[in-house]
Structures are given as structure tokens and as C-alpha cells.
Amino acid sequence: MTRKNTRPLAHIAADIHDLGRNNIFAEGDLFIEAQAACAAGDWLEWLNDEGFSHDTAMRKMKVAKLADRFRKLRNLKLAKTTLYALAEDADDPLMPTIIEALAKVATKAQLRPAEAEHAILVVRLRQEFGDDLPDATLFALDSVAGLPWAWVGKAATALKAKKPTSAEDAKKIIDDVRCAPAHDDASPETGNGDAGGDHGGDDGVGDRGDHGDHGDHGDEQDHVELELIEALRVVLHYAHRPAPKSVTGITSAELVLIETFTRVLQRACPRTRRTPAREGAAAHMN
């Protein structure tokens, strides 16, 4: 079962058991040694006989191989989940930069998985948007990237020019651009070829003037509804993307409030009734 000129598999197994799963790099090295020592076709049988999981053994071997390429990795205080994730992306061209970024924050203190994910994401965002931008600017650019509205390009330009250093400042820049009246996709008057004309009938907005003396209040309410629909469609856009493993910048209480508000909207807009105004607003936002 053991190839010639190798250590006995029993000795390797004993060493792995003695480690007690406290050193993923040493375990990975030993599994690599054991695989090389196994005769052809005996690897899976040996793992099973010794009570080792094949998947776990392979993941630890990948970590050890990555650490052979980047020796600094062995000295970093990273969680196993982070090491496994890095090993899965071992061929990523950004891996040298990622290891260097982690080395700056994981040498003295243990880095939690969420903190490691943040550091790795910053590396990727710098590659996409530029090296000279603050983290808050990078995350704001990522939050609007790919959104389907005309104001997104202007918001990105403003973010890169002003380089906000806080999430609050970045949000204000985005909101200022998004809410500016010049945007074709932020105003009820645009998209129908009649800026300032009568909207009655086709999109349902003008129908509100038939219910008495609403006056300007009706126009204001229409704007609020369109703005709300736009915000909801941003959420919907992200709902089609993989959910993040960690969320920063918003509290759990605020998320509960959003959930409660969504339920209120469900009651206000039942599936069996879709008003002409909402039809027009939805088509406008698309």
C-alpha cells in the first residue's frame, strides 16, 4: 500500500492525529505526503480507514500548496474559512496583492472572516475602480455599478472626483446626483415626449386631477411614488445577486424597519389590483 522510499502511512496518520486539527498547514503538508506515499488507487481507501474526510483533506492540501507559493501566509492569523476560500481562488491573478493586503492586518491579531472578506473585497474594488480611492468611495461605486439608470454614470464620476471617506458622505453624493431634476429617469415628465404637457390618460398620472382640488399636492405625491419605486428596484436589483455573507453600514433594527415597511407596501399594492399610475411608474422606471 505504501510506495518505496516514503514514510510508512501509519506514521503519517499518527502525525496527523497528533496535530489535533490545530495546524491546517501542517495537516495539509502531511496529507500531501500521504497521497504521494499511497500506491495507485489506495488514497481514498487509506483516508477512509483512518477516519479522514476526503473533502477536508483536499481543502487542507490546497491551503498547504498555496502556502508553499506564499510563505508569508503561514504566519498570518486567519480563520480556516478564510484560508479555504483563498485556496479555492489560488489561481486568481490578484492573489499576490490579496496576500499582501491581509499581511497588513492579520500579522498581530486574529482576523475574523468578515474582516478578511472586507480586505479582499477592497483589493478587488481597487483593481476595478482605481488604487487612489478611499474605501468608502470604492464601496459606493460598487453599490451603483450595473444599475440601469442614466444618473449612475454621473454619480460614479462625482464619487471619483470628490473621493468621500465615509459612507454618509458617499450616500449624500449619490443622492444629490440621483435627485437632480435634470435626470431623464428621475422625473415623471420625461420619457413621454411631452415635457410639461398634459399627462392625463396614458400613464395614469393626470387622472388624479379629476378627484377634486388636489392641485400641486398630487404632483408631489406622484414624485414620491416614483422615487420609492426607484429605490425598491435598486433593492430588487441586488436581490438577484448573491447575498453578502456580512453586512455593514446598516443596523439590524433598520433592516427590520425595512421589512415592516415592505409588508405595508404589500397591503397597499395587492397582486389582484395594479393601478394605471403604478403601471406607468413601473414602465417609466424600466
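Every read-out reported here was derived from the displayed coordinates using simple, explicitly stated rules and does not represent laboratory data. Predicted model, so just to flag it, every value in this text is computed and none were measured. Please note: Cβ atoms are built from the backbone with ideal geometry, for glycine as well, and neighbour counts cover all protein chains shown.
Roughly what would the spin-label model give for Ala14 and Phe261, points 7 Å off Cα along C-beta, in nm?
With each label placed 7 Å out from Cα toward Cβ, I get 6.6 nm.
Which parts of region 71-97 would a label at Ala103 reach, counting a residue when its backbone N lies under 16 Å from a point 7 Å out along Cα-to-Cβ?
Residues 71-78, 94-97 qualify, since their backbone N sits under 16 Å from the label point.
Which length gain, in nm to one decimal place, applies between Ala150 and Asp176 when the Cα-Cα distance is subtracted from 0.36 nm times their residue separation?
Values: separation 26, 0.36 × 26 = 9.36 nm, distance 1.39 nm.
Fully extending the segment from Ala150 to Asp176 adds 8.0 nm.
Mind giving me the nanometre distance, one decimal, between the label points for Arg21 and Ile250, set 7 Å out from Cα along Cα→Cβ?
Once both label points are built, they end up 3.5 nm from each other.
Could you work out, for region 78-156, what percent of all Cα-Cα pairs fall into each 5 Å distance bin, beginning at 0 Å and stopping at the bin that holds the largest distance?
Distribution as computed: 3, 14, 22, 21, 16, 12, 6, 4, 1, 0 percent.
Using the structure shown, list the pairs from Lys60/Lys245; Lys163/Lys245; Lys108/Lys163; Lys80/Lys108; Lys77/Lys245; Lys160/Lys245 with a Cα-Cα distance above 24 Å, or answer none. Numbers along the way, then the final one.
Details: Lys60/Lys245 22 Å; Lys163/Lys245 26 Å; Lys108/Lys163 30 Å; Lys80/Lys108 17 Å; Lys77/Lys245 20 Å; Lys160/Lys245 27 Å.
Distance filter (> 24 Å) returns Lys163/Lys245; Lys108/Lys163; Lys160/Lys245.
So for region 9-129, Kirkwood radius off the Cα pairs, Stokes-Einstein at 4 °C and 1.567 mPa s: how many µm² s⁻¹?
Working: Rh = 15.3 Å.
Approximately 85 µm²/s, per Stokes-Einstein.
What's the exposure ranking of Ile229, Ile98, going from fewest to most Cβ atoms within 10 Å?
Working: Ile229 16, Ile98 20.
If I rank by nearby Cβ atoms, fewest first, I get Ile229, Ile98.
So for region 9-129, averaging the separation of alpha carbon pairs under 8 Å that are six or more residues apart and normalising by length, what relative contact order in percent results? Write down the numbers at each step before the final one.
Values: 108 pairs, mean separation 26.8, N = 121.
Averaging sequence separation for qualifying contacts and normalising by length gives 22 percent for region 9-129.
Taking the Cβ of Pro244 as the centre, find all other residues whose Cβ is under 12 Å away and add up their charges (Lys, Arg: +1; Asp, Glu: -1).
Values: positive: Arg241, Lys245; negative: Glu117, Asp142.
Residues close to Pro244 contribute a combined charge of 0.
What percent do you get for the relative contact order of region 133-181 when only Cα pairs under 8 Å and 6+ apart count? Walk me through the numbers before you get to the answer.
Values: 41 pairs, mean separation 23.4, N = 49.
48 percent.
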